[in-house]
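Read the structure below first, then the notes.
The values are calculated or read from the model by the stated rules, or taken from the named source; none is laboratory data. This structure is a prediction, so every number in the text was calculated from the model and none was measured. All Cβ positions, even for glycine, are placed from backbone atoms using ideal geometry, and neighbour counts span all protein chains on display. Side chains included, ligands, DNA and RNA excluded: accessible areas come from the protein's heavy atoms. Shrake-Rupley method; radii C 1.70, N 1.55, O 1.52, S 1.80 Å.
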Amino acid sequence: MADQKSFGIAGLLGWPVAHSRSPVIHNHWLAEHGIPGRYMLFPVPPEKLEAAVRGMAALGLRGCNVTTPHKQAIFPLLDRVDDLARRIGAVNTVVVEKDGTLTGFNNDGNGFIQSLRDADPKWRPDVGPILVLGAGGASRAVVASLAAQGAKEIRVTNRTQEKAQEIAEAVGPMVKVVAWSDREAALGDVALLANATSLGSAGKPPLEISLDRLPKAALVGDLIYVPPETPVLAAARIRGNVTVNGLGLLLNQARPAFNAWFGVMPEITPALRQAIAATF
Ligand code: ATR
């Protein structure tokens with residue numbers, strides 16, 4: 001268990017980091033549990049990443065989250081990276097171990113899966129086919145985590161098909177590549193539709209997809225949380241599907257990180273959701 005007596009510091013390494021909601025989450029939990037500490041933003045340009053990471057243990061940091069553009073670049077600076085993060089090809093959480101060595105994890109995909117189960121406890125990754133839209137870093141985290149949790153068929157479709165192919169090769173034979181033009185035909189029997197493209201986020205065009213063939217029992221998840229309801233989530237909600245936005249991912253990926261840094265597994269309470277809502 002992490003040392004709870006000394007002032008514990010963790011934070012976010014990224015470039016830029018200003019718009020992150022992670023400080024709200026972790027500082028809320030620190031206050032809730034009476035743990036002396038602070039979660040801070042560390043704007044670190046790429047050329048200073050190595051110096052920043054090398055200094056973490058010496059400065060007494062408990063660990064950090066990692067965001068763009070460092071999620072891949074940090075690999076060679078860590079002492080060990082867990083299997084799932086390796087398969088994803090990105091690290092989103094670093095833990096400074098008692099001996100000062102650094103371990104990398106990626107909780108993004110598992111956080112997304114947990115948020116889906118929170119919304120629909122009957123859903124599991126293996127209850128039916130899954131269609132994932134997009135093949136960037138976020139998609140890769142979700143697809144690798146769904147496969148690790150037993151998904152039997154994950155269809156991945158992307159405007160640039162080679163990137164979907166790369167995910168299939170990295171993750172395994174349960175991943176089937178679907179042409180972007182066939183995305184609606186691939187909806188007919190799915191138990192989960194997940195948007196991991198940036199389409200529908202603030203300032204971007206909406207995702208173009210008709211949900212006519214989507215089963216009413218299917219869950220619809222979007223990794224985006226600004227805005228809180230993307231056009232595709234609104235369309236899914238109106239036709240009766242259970243929908244989940246990307247806030248659940250953000251909150252759920254933070255829980256195991258907080259536990260590793262501060263020694264308490266925190267909960268996602270209405271008060272925390274309110275604190276986040278107040279930032280919009
Ligand atoms: P992230 O790290 O959040 O996944 P990313 O790696 O930039 O971000 O990925 C963005 C995703 O949105 C990609 O799947 C991208 O498709 P391409 O790989 O073809 O670029 C998808 N995307 C972005 N703009 C799009 C558009 N106008 N039409 C279709 N897909 C789009």
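So the values come out like this:
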item: Amide H contacts under 5 Å for Gly8, placed H, 5+ residues apart; result: Gly37, Arg38
item: Relative contact order of the stretch 161-252, pairs being alpha-carbon contacts under 8 Å that are 6 or more residues apart, as %; result: 23
item: Euclidean distance of C-alpha centroids, the stretch 141-168 and the stretch 240-280, integer Å; result: 25
item: Scattering curve values for the stretch 127-177, log₁₀ I(q)/I(0), Debye with Cα scatterers, q = 0.14, 0.26 Å⁻¹; result: -0.25, -0.92
item: Beta bridges by DSSP in the chain, antiparallel share as percent, to the nearest 5; result: 15
item: Model label zone, Asp189; criterion: amide N under 14 Å from point 7 Å along Cα-to-beta-carbon; scope the stretch 105-129; result: 127-129
item: The stretch 21-143: translational diffusion in µm²/s, Stokes-Einstein, Kirkwood Rh over Cα pairs, 4 °C, 1.567 mPa s; result: 80
item: Size of the stretch 103-225 as Cα extents on the principal axes (Å, biggest first); result: 39, 31, 31
item: For the chain: accessible area per residue (Å², 1.4 Å); result: 45
item: Neighbour count of at most 14 Cβ within 10 Å plus DSSP loop: longest trypsin sites (Lys or Arg not before Pro)-free window in the chain; result: 6-97
item: Heavy-atom accessible surface of the chain: percent carbon and sulfur, 1.4 Å; result: 55
item: Pairs of Cα atoms farther than 23 Å apart, the chain, %; result: 53
